[in-house]
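Have a look at the structure below, then the notes.
The values are calculated or read from the model by the stated rules, or taken from the named source; none is laboratory data. Everything numeric in this text was worked out from a predicted model, so none of it was measured. Quick reminder, even Gly has a Cβ in these numbers, built from the backbone with ideal geometry, and neighbours come from all protein chains shown.
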Amino acid sequence: MLPWAANPAPWGHRVPNLPFSFQTIVEMSNEAIWVVDADRNIAYVNERAAEIAGYRPEEVVGKSVLTFFFPDDVPAMEARLARRESGEAERYQHRLRRRDGSAVWALISARPRVDETGRYDGSVVIVTDITELARTESALRDSEFWLRESQRVARLGSYVFDIPTDRWQSSAVLDEVFGIGPDYPRNAEGWLAIVHPDDRQRMAAYLRELLAARHRFDREYRVTRVVDGAERWVHGLGELTLDGDGRPVRLFGTIQDITEHRLREQERRHLEARLLNAQKLESLGVLAGGIAHEFNNLLTSILGNADLALHDLPPGSTAIESIRAVEAASQRAAEISRQMLAYSGRGRFVVEPVVLSRLVREMGRMIELAVSKRTRLRMALAEDLPRTDADPDQLRQVVMNLVVNAAEAVADDEGLVTVSTGETTCDAAHPLRDHFGEDVAPGRYVVLEVADTGQGIDAESLPRVFDPFFTTKFTGRGLGLPAVAGIVRGHRGFVQVESEPGRGTTFRILLPALPTATPMAAPSAAPNDRGRV
Ligand SMILES: Nc1ncnc2c1ncn2[C@@H]1O[C@H](COP(=O)(O)OP(=O)(O)OP(=O)(O)O)[C@@H](O)[C@H]1O
Ligand SMILES: [Mg+2]
């Protein structure tokens, strides 16, 4: 029996023309309605309530409300009931236990009735099945989680740019990538201020062009993070939305931090280039060495026979001149073969501690002869350099090849060729790379530098100047620098080249220094200026 009268309306006033009795309204309600008595037993349920619980209505009446909760949930429910019995209405979400043991997610709305004396005599509870809603909500939460986490892991931010108002909004990840806070001016100008100064003009032009041509945004560019000034590479993507008249109104897209990716890519290209270079050196070295070797045998035979023929010829024979020409040509051929051998790294090595400055000084006359009269020659040879273990003959070849190139580069112009020696140290604080992209091994080096104010080397030729037979000269053979590279490699040294077309070129050779017993003098000179005049 219901604890209060059913009809007319319990609060007393009449409802005109009501087609249903209040009882019918309760029974017909599509929400589950439960009435719980003061003993926590079910006094009444409508059809919908019984259906949700998986019972027939008459089976439910008389059962304890706790029957419809899972054992784990009972203590919490008892606490709720206690509060309700003290007069508190409540609305909460909880699961209910159906007859078959399955769970129903429910929105539970309960209101107790307490009389003037404070006596509780039951409550009306309306229960809405929100299982479907909860499932959707949880799916939504899941997908939101996936989206948020993948964006975070991928460092992928999103933005939407409202074009007419010149305002953009950004996701948390984008704010993190740009290093901006909530107060940052989110307009086109604000975005351009984040773009790295070197890319700014290009990106401003790109945005203008994109809005005019209504195409996608797809560009990699650099940004300077606002918060710490760090430089990052990003990849921006975006799609335009057009209004009815075809005017762009919105740009929606993503911006991904691809700095690590770029660095890895750079490193990969660098490694590839090194590998290619090593392979090239290896195969060309074998080839050049092989040819030079055969060549030398032939030349020995040619020169020997020419010599014999000269002795056998009667004085005044017209053949003498021809034989001398054969000798001269053979000498030139021997020179080529020597260069090829040097390049291959298979040349003879007679190594001894060499004082580089002395070696260069002793070559003075040869160097002067190599440089044309109109070209000034400057020697700046450092004293007290550590020695280096080297083959003096081969070092002389290096100096000559570089000086000849320098002289040829200034040609007849009134240029300057500078030959200098010095020393340098490579360590963690001063990392160095050579011309071929190899890291210079840490340690002390003696340095030979040949600089000229000649025509310079253009960016396209620069990576190729050490390739055998690469030449830009009419009569060049393209063997001078390959020989230098081979010899320096053979000495565990390194080569660096700097050149500015039209301004000049500097070749720098680093050879490992032998340990010195005496400390270096001249503390007044900065290390890099050592040996310069
Ligand atoms: N100091 C320099 N200034 C400008 N270009 C240079 C310089 N040194 C070398 N080069 C460029 O590098 C190329 C290769 O030099 P390399 O010495 O190997 O050959 P080459 O001088 O052309 O011929 P050779 O075998 O007679 O030395 C040159 O043709 C030139 O283009
Ligand atoms: Mg040369």
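At a glance:
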read-out: Complete set of residues in region 431-480 that are within 13 Å of ligand 2 (Cβ to nearest atom), more than 17 Å from Ile336 (Cβ to Cβ) and not in a loop (DSSP other than H, G, I, E, B); value: Val450, Asp452
read-out: First in region 470-485 and more than 17 Å from Gly285 (Cβ to Cβ), second anywhere and part of a loop (DSSP other than H, G, I, E, B) and within 6 Å of ligand 1 (Cβ to nearest atom), Cβ under 6 Å, 6 or more apart; value: Thr471/Gly478
read-out: From the options Val249, Val226, residue that is touching a helix residue (DSSP H, G or I) at 6+ places or on another chain (Cβ under 9 Å) and of a type in the set (A, V, I, L, M, F, W, C); value: Val226
read-out: Subset of region 374-430 that is among the β-branched types (Val, Ile, Thr), surrounded by 21 or more Cβ atoms within 10 Å (Cβ to Cβ) and within 16 Å of ligand 2 (Cβ to nearest atom) - its residue that is nearest to Met363 (Cα to Cα); value: Val399
read-out: Unmet criterion (only one of (1) in a helix (DSSP H, G or I); (2) surrounded by fewer than 23 Cβ atoms within 10 Å (Cβ to Cβ)) for Ala483; value: (2)
read-out: Matching residues in region 330-371 - criterion: being closer than 25 Å to Gly478 by Cα, aliphatic (A, V, I, L, M) and in a helix (DSSP H, G or I); value: Ala333, Ala334, Ile336, Met340, Leu341, Ala342, Val360, Met366, Ile367, Leu369, Ala370
read-out: Total residues in region 127-149, condition in a helix (DSSP H, G or I) and within 25 Å of Glu31 (Cβ to Cβ); value: 10
read-out: Out of Val226, Val249, sole residue that is touching a strand residue (DSSP E or B) at 6+ places or on another chain (Cβ under 7 Å), more than 30 Å from Pro463 (Cα to Cα) and either in a helix (DSSP H, G or I) or touching a residue at least 24 places away in the same chain (Cβ under 8 Å) (or both); value: Val249
read-out: Residue satisfying all of: in region 260-289; of a type in the set (A, V, I, L, M, F, W, C) and surrounded by fewer than 17 Cβ atoms within 10 Å (Cβ to Cβ); nearest to Ile163 (Cα to Cα) among these; value: Leu263
read-out: Sole residue being more than 15 Å from ligand 1 (Cβ to nearest atom), part of a helix (DSSP H, G or I) and of a type in the set (Asp, Glu), chosen from Asp384, Asp393; value: Asp393
read-out: Top-ranked residue of region 406-421 - restricted to ones that are at pLDDT 95 or above and within 10 Å of ligand 1 (Cβ to nearest atom), ranked as nearest to the chain's Cα centre (by Cα); value: Ala406
read-out: Check on Arg232, part of a strand (DSSP E or B), under 23 Å from Tyr206 (Cα atoms) and not β-branched (Val, Ile, Thr); value: yes
read-out: For Ala292: the one exception among (1) part of a helix (DSSP H, G or I); (2) in contact with a strand residue (DSSP E or B) (Cβ under 6 Å, 6 or more places away or on another chain); (3) touching a residue at least 24 places away in the same chain (Cβ under 8 Å); (4) aliphatic (A, V, I, L, M); value: (2)
read-out: Criterion: over 57 Å from the mean Cα position of the chain (by Cα) and surrounded by 11 or more Cβ atoms within 10 Å (Cβ to Cβ) - qualifying residue of Asp257, Asp307, Asp312; value: Asp307
